[in-house]
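What follows is a short report on a single structure.
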Amino acid sequence: MKVFRLFRAKHKNPLSASGASIKGARWNSIGIELLYTAGNRSLAMAEVAVHLTLATLPIDYMMAVIYIPDDIAIQEVDISKLPPNWRNFPHTASTQKWGDDFVKKSKYCVLKIPSAVTKGDYNYLINPKHKDFAKIKVLETDKFPFDNRIFKGGIK
């Protein structure tokens, strides 16, 4: 399976989860490493774009195509089992606990989770501490310029 990840070129390694560990995110607390990827390029873009404006848009984004081998088991989340406020922004501690528990149990390397940004699409969260993480490979990386029309005040 291929998944997609937007990352800043200055960070160089698209398989690093250190940024999520430093800042925490929707599905992980500070200190817990979790690699956020998306099921398609558009979702990867949307997941980043919701945090940006045209004024704060960096020009150095890269799109990584990441390969997850078929023999890596994926835990799929039943949306009805998620906390009722899982889509809220800012995110809550309840969603962070969900991801933290996934990482700590380390039963699966990948967690398929619904996107809070795009209903019907899925993100794939990868535990870099899992034994199968070494099997996951970056197939390609390319520059990814955002189309300014996505942001308020963009070219019309």
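The values are calculated or read from the model by the stated rules, or taken from the named source; none is laboratory data. Quick caveat, the model's predicted, so the values are computed rather than measured. Virtual Cβ from ideal backbone geometry, glycine too; neighbours counted across all protein chains shown.
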Completion exercise
Selection from the stretch 99-156 of residues in a loop (DSSP other than H, G, I, E, B), under 20 Å from Arg8 (Cβ atoms) and at pLDDT below 95 yields Val117, Phe144, Pro145, Phe146, Asp147, Phe151
Practice task
Would you please name the residue that is modelled with the lowest pLDDT, looking only at residues in the stretch 27-61 that are outside any helix (DSSP H, G or I) and of a type in the set (Ser, Thr, Tyr)?
Solution key: Thr53
Completion exercise
By residue number, the members of the stretch 92-102 that are over 21 Å from Ile66 (Cβ atoms) and crowded, with 18+ Cβ neighbours inside 10 Å are Thr95, Gln96, Trp98, Asp100
Practice task
Could you grab me the full set of residues in the stretch 103-131 that are of a type outside the set (A, V, I, L, M, F, W, C), out of contact with any Leu (no Cβ under 9 Å at 6 or more places or on another chain) and buried (at least 17 other Cβ atoms within 10 Å of the Cβ)?
Solution key: Tyr108, His130
Practice task
Name the single residue, out of those in the stretch 118-132 being without any contact (Cβ under 8 Å) to a residue 60 or more places away in the chain and closer than 26 Å to Lys104 by Cβ, that is nearest to the chain's Cα centre (by Cα).
Solution key: His130
Completion exercise
Of those in the stretch 68-84 that are under 17 Å from the mean Cα position of the chain (by Cα), modelled with pLDDT of 95 or more and of a type in the set (A, V, I, L, M), the residue surrounded by the most Cβ atoms within 10 Å (Cβ to Cβ) is Ile68
